[in-house]
Amino acid sequence: MYKIKVNGSHTFDVSKEAMETLDIVETSTNQYHVLHDNTSVKAEILKTDFNKKTYSIKVNNNTYDVDIYDTIDQQIEALGFEIGATKQVNDIKAPMPGLILEITVKVGDEVKEDDTLLILEAMKMENVIHSPREGVIKSILVNERETVDKNMLLIEFE
């Protein structure tokens with residue numbers, strides 16, 4: 001299932017099967033003819049950012065900014081993180097209930113994106129929680145060997 005967000009405000013859920021049944025013909029580079037419900041639509045891809053999964057598409061002389069979220073992107077967003085740099089993440093919350101095994105940072109530490117912040121044991125598995133961005137650790141609200149609930153605030157950034 002894909003989540004499609006248009007112009008940052010309208011969200012649609014589209015199944016993979018529905019995407020595969022679209023009648024689309026590429027008429028020239030980045031220009032397409034789409035047949036949907038017996039209606040002919042001309043579409044042109046103006047800009048793409050493959051890594052951020054964002055596109056600017058012109059449909060019948062109207063331009064739309066489109067973000068596409070696949071299942072993994074939706075799970076990441078549900079954990080409180082967002083794709084790319086569109087959101088400034090200021091806190092880390094527990095993605096699931098568990099036990100804090102190790103905290104690898106302290107207040108005032110400067111961290112880079114993907115640095116290890118802590119290790120959370122859940123369902124007999126160790127889950128390494130990484131930093132979603134560069135920043136400075138403002139506060140750590142848990143201790144090692146402490147049990148936490150899902151969505152409990154663990155770490156805050158300045």
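Values in this text are rule-based calculations from the coordinates and carry no lab data. Quick caveat: nothing in here was measured; it's all calculated off a predicted structure. FYI the Cβ positions are ideal-geometry reconstructions off the backbone, even for glycines, and counts take in every protein chain you see.
Worth a mention:
- Amide H contacts of MET96 (H built 1.01 Å from N, under 5 Å, at least 5 apart or other chain): ASN151
- Inter-probe distance in nm under a simple model that places probes 7 Å from Cα toward Cβ, at ASN127 and ILE72: 1.8
- Applying 1/(1 + (r/R0)^6) with r as the Cβ-Cβ distance of ASP149 and THR116 and R0 = 22 angstrom yields a FRET efficiency of 0.50.
- Label-point gap, in nm, between SER28 and VAL59 - each point 7 angstrom along Cα→Cβ: 2.2
- Prolate/oblate/rounded call for segment 2-71, Cα gyration tensor, a/c under 1.5 rounded: oblate
- Amide H contacts of LEU118: THR104, ILE129, each under 5 Å away and 5 or more positions distant or on a separate chain (H built 1.01 Å from N in the peptide plane; Pro and chain starts excluded).
- Residue by residue, segment 29-43 carries 3J(HN,Hα) couplings of 3, 6, 10, 9, 10, 10, 10, 9, 6, 6, 10, 8, 10, 9, 10 Hz when phi is fed to the Karplus relation 6.51 cos²θ - 1.76 cosθ + 1.60 (θ = phi - 60°); x denotes Gly or Pro.
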